[in-house]
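Take a look at the structure set out below.
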Amino acid sequence: MDIANKSETRSRMHEDRQDSTVIFYITDNGRALAQKLRGRYPRARIEKFGADSLPALWNECTTLIFIMAAGIVVRTIAPLIKDKKLDPAVVVIDERGKFSISLLSGHIGGANERARQIAEFLGGEAVITTASDINHLPSIDLWAQENALAIEDWTLVPHIGTRFINNGALRVYSELDLTLPDQFLRVADPPFADIVITNKRDVYRTSLPPSEPRCPAHACRVKGQLYLRPKNLVLGIGCNSGTSAQEIEETVKNILHGHNLSLLSIERLATIDLKSKEPGLIDFAKKYGYEIVIFAPDDLNKVNGIAPSETVFKATGAYAVAEPAALLAAGADTLLISKQKAGNVTIAVAELINHKDKEKWEGKESERQESSASPIHPCTDSPDHHEKIYIVGTGPGSIEHITPYAQDAIRKSDVIVGYGTYLDLIQELIKDKEVVSTGMTQEVDRCKAAVELAESGKTVAVISGGDPGIYAMAGLVFELLKSRPQSAITCQLSVEVIPGISALNACASRLGAPLMHDFASISLSDRLTPWDVIERRLEAAAMADFVIALYNPKSRGRVEHINRAHEIIMKYRKPETPVGIVKGAMRENEAVVITDLEHMLDHDIDMQTTVIIGNSKTSTWNNLMITPRGYEQKGKY
């Protein structure tokens with residue numbers, strides 16, 4: 001295996017490692033700080049420091065945080081350090097949380113960023129010593145990673161980095177239209193470049209089959225040029241049943257080499273569904289971390305301009321496999337390499353459209369459909385895989401009542417979408433975010449905006465007060481997605497609902513234990529539900545002796561609804577039935593009243609209030625409501 005393949009394999013091993021964090025402590029003060037850090041890293045494990053457990057964790061974890069003296073850490077990890085592309089990020093913190101030191105794997109491992117996060121969270125100072133950072137220059141390896149560029153020869157990175165520090169700039173030749181940092185100076189001809197960005201194996205080789213390169217090694221160009229490989233090649237592939245991974249790999253390498261293309265630039269494989277479980281193909285893809293995109297024969301047969309093969313059609317139901325699969329998965333019109341067959345393997349190569357060409361391609365999609373050509377497969381129509389919506393419950397609103405997982409989702413998001421009042425309560429979490437805020441009755445607009453932003457490639461957090469699945473935003477997001485035309489939905493869009501403390505939970509905790517037995521929650525708002533339906537539900541819940549929680553009990557435009565609800569419930573409950581009235585639960589303006597059903601309407605009730613009406617067994621004690629679960633009947637106390 002050559003250097004390029006080794007480095008790429010190592011890099012993928014690091015990426016495939018489970019994203020996990022362990023926080024080590026020695027003293028009680030260190031443990032207290034570790035527990036505080038769980039608020040920033042909710043999935044982190046906390047362990048008392050022991051050198052014996054470290055070797056296994058070194059290979060399992062992406063981040064190790066040590067709350068102790070740096071000397072202890074250095075002596076312990078020294079025998080474990082192997083490779084910057086494999087070693088976990090190591091951060092050292094003093095017990096007071098004053099300094100967060102990025103000790104190892106600052107760029108690729110992410111230790112620099114973790115140190116900054118920890119310092120911001122604890123109100124301390126990040127200590128970063130990597131040369132590019134202290135000289136305010138972009139990191140070459142991190143910039144490459146952020147732009148999905150594979151580094152071909154990692155041994156050159158330190159040399160190019162030193163050249164960067166000494167000169168304050170690097171010359172870059174790029175065959176992609178990338179936005180470069182200010183310190184990267186674009187050059188028009190590769191011989192003058194320190195960094196070459198291309199999918200060609202040798203940018204100086206100008207003819208096929210290969211002839212003498214126009215610029216032999218080091219003869220007329222900068223010494224020690226670093227190749228960065230864009231992930232922009234799609235390999236359409238077909239193979240006979242039982243073809244080994246080794247034969248597939250050798251064929252791919254030979255054909256790419258003959259056409260002066262880099263193996264490191266392959267982004268995905270594409271084939272027919274018949275080959276989706278072919279062991280050799282799966283093993284080859286797994287070895288290099290390639291995604292396999294699958295197409296049905298009908299999709300492949302709709303692609304125009306492909307020479308048909310009756311032999312292939314009899315075997316697969318498609319007139320061709322490699323060429324149409326490559327075109328569809330790349331969203332391209334032309335092939336870089338037309339069908340090449342060697343032994344049991346057939347491949348074709350297309351280049352992924354870049355972002356500037358994407359709108360042009362999408363504009364052609366309708367033309368393709370009209371001419372019976374296949375549109376891009378809905379699960380592979382974009383090289384981006386970042387479409388994500390978090391629907392986050394923020395509970396009563398204050399930071400301490402938002403789960404660590406919800407906080408983490410908000411921090412991961414590019415855009416925050418929500419009702420202004422809820423966003424005001426979480427300002428410290430969203431101060432550096434793009435924010436989309438609308439009024440109280442504009443829920444549909446908020447959710448549409450969230451979906452559109454996510455489909456543009458951004459990670460979006462939709463904020464709901466309380467729990468997002470209770471009278472909130474989760475259902476609306478799913479309803480919008482469900483109602484959209486199938487052609488408008490990208491399979492890459494994922495939605496995660498993150499629960500929060502609902503008004504039910506918050507108010508019940510202030511009242512004691514009113515929800516210990518069966519209960520029903522009913523909103524008195526008829527903005528979306530007809531009032532006659534609400535009345536029937538009130539009647540049924542009261543008759544069935546449920547504890548009843550009333551949401552949205554009264555507004556300026558609905559002053560009579562709470563009166564009618566009271567009237568219905570009074571038909572089935574005694575006047576002395578305990579009632580809890582909670583306004584602004586767990587917020588600064590919180591007000592809690594325990595009264596009875598007869599006098600319920602004597603108290604202030606508005607849209608910020610939740611009313612909980614007990615059942616026939618609910619009682620009060622020490623100014624608390626208690627609905628028995630039934631333990632007394634079992635002789636449990």
Name the pairs whose Cβ atoms lie under 6 Å apart, with the first residue in the range 80-92 and under 21 Å from G124 (Cβ atoms), the second of a type in the set (S, T, Y) and in a loop (DSSP other than H, G, I, E, B), and 6 or more positions between them or separate chains? A89/S105
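Could you please let me know if I402 is out of contact with any Lys or Arg (no Cβ under 8 Å at 6 or more places or on another chain) and farther than 18 Å from T438 by Cα? Steps first, answer last, please.
Working: out of contact with any Lys or Arg (no Cβ under 8 Å at 6 or more places or on another chain): yes; farther than 18 Å from T438 by Cα: yes.
Here the answer is yes, as I402 does meet what is asked.
Looking only at the range 418-448, filter to residues that are in a loop (DSSP other than H, G, I, E, B) and open to solvent by 70 Å² or more (accessible area, probe 1.4 Å); which one of those is nearest to S483 (Cα to Cα)? Don't jump to the end; show me each part of the working.
To start, the set of residues in the range 418-448 that are in a loop (DSSP other than H, G, I, E, B) comprises 425-426, 431-433, 439-442.
Filter once more, keeping what is open to solvent by 70 Å² or more (accessible area, probe 1.4 Å): 431-432, 440-442.
Working: K431: 33, D432: 33, M440: 23, T441: 20, Q442: 18 Å.
Only one residue tops the list, namely Q442.
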Are there any pairs, at least 6 apart or on different chains, whose C-beta atoms fall under 8 Å, with the first in the range 304-316 and open to solvent by 90 Å² or more (accessible area, probe 1.4 Å) and the second in a loop (DSSP other than H, G, I, E, B), and if so, which? N304/S371; N304/S372; N304/A373; P308/Y319; P308/A320; E310/Y319
Output the residues belonging to the range 90-128 that are under 24 Å from G168 (Cβ atoms) and either touching a strand residue (DSSP E or B) at 6+ places or on another chain (Cβ under 6 Å) or at pLDDT 85 or above (or both). S102, N112, E113, R116, A126, V127, I128
Regarding A461, is this residue free of Cβ contacts under 8 Å to residues at least 60 places away in the same chain and within 23 Å of the chain's Cα centre (by Cα)? no
Filter result (in a helix (DSSP H, G or I) and closer than 19 Å to R587 by Cβ) within the range 399-409: I399, E400, H401, A406, Q407
Applying the selection to the range 501-532, what residues are open to solvent by less than 30 Å² (accessible area, probe 1.4 Å) and of a type in the set (V, I, T)? I522
Being in contact with a Lys or Arg (Cβ under 6 Å, 6 or more places away or on another chain) and not polar (S, T, N, Q): is that true of E278 here? no
Considering only residues that are among the hydroxyl-bearing types (S, T, Y) and open to solvent by 20 Å² or more (accessible area, probe 1.4 Å), which ones fall in the range 175-207? T179, T206, S207
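Here's the yes/no breakdown for (1) farther than 30 Å from D141 by Cα; (2) among the small types (G, A, S); (3) touching an Asp or Glu at 6+ places or on another chain (Cβ under 9 Å):
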| position | (1), (2), (3) |
| --- | --- |
| E278 | yes, no, no |
| A285 | no, yes, yes |
| E310 | yes, no, no |
| A322 | yes, yes, no |
| A332 | no, yes, yes |
| S338 | yes, yes, yes |
Are any residues in the range 622-637 touching a residue at least 12 places away in the same chain (Cβ under 8 Å) and open to solvent by 70 Å² or more (accessible area, probe 1.4 Å), and if so, which ones? N623, R629
Out of L264, L281, I need the residue that is modelled with pLDDT of 90 or more, closer than 16 Å to A350 by Cα and not hydroxyl-bearing (S, T, Y). Which one? L264
Filtering strands (runs of 3 or more DSSP E) wholly in the range 499-616 for at least 2 residues that are in contact with a strand residue (DSSP E or B) (Cβ under 9 Å, 6 or more places away or on another chain) and farther than 30 Å from I402 by Cβ gives 591-596
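Where residues in the range 148-174 are more than 24 Å from K84 (Cβ to Cβ) and in contact with a Leu (Cβ under 9 Å, 6 or more places away or on another chain), which of them is least open to solvent (accessible area, probe 1.4 Å)? First the steps, then the outcome.
First, the residues of the range 148-174 that are more than 24 Å from K84 (Cβ to Cβ): 171, 173-174.
From what's left, in contact with a Leu (Cβ under 9 Å, 6 or more places away or on another chain): 171, 174.
Working: R171: 95, S174: 20 Å².
Looking at the filtered set, the residue picked out is S174.
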Residues in the range 175-198 that are out of contact with any Leu (no Cβ under 8 Å at 6 or more places or on another chain), over 25 Å from L352 (Cβ atoms) and hydrophobic (A, V, I, L, M, F, W, C) total 1
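The values are calculated or read from the model by the stated rules, or taken from the named source; none is laboratory data. Note that the structure is a prediction, hence the values are computed from the model and not measured. All Cβ positions, even for glycine, are placed from backbone atoms using ideal geometry, and neighbour counts span all protein chains on display. Note: areas computed on protein heavy atoms with side chains; ligands, DNA, RNA excluded. Shrake-Rupley method; radii C 1.70, N 1.55, O 1.52, S 1.80 Å.
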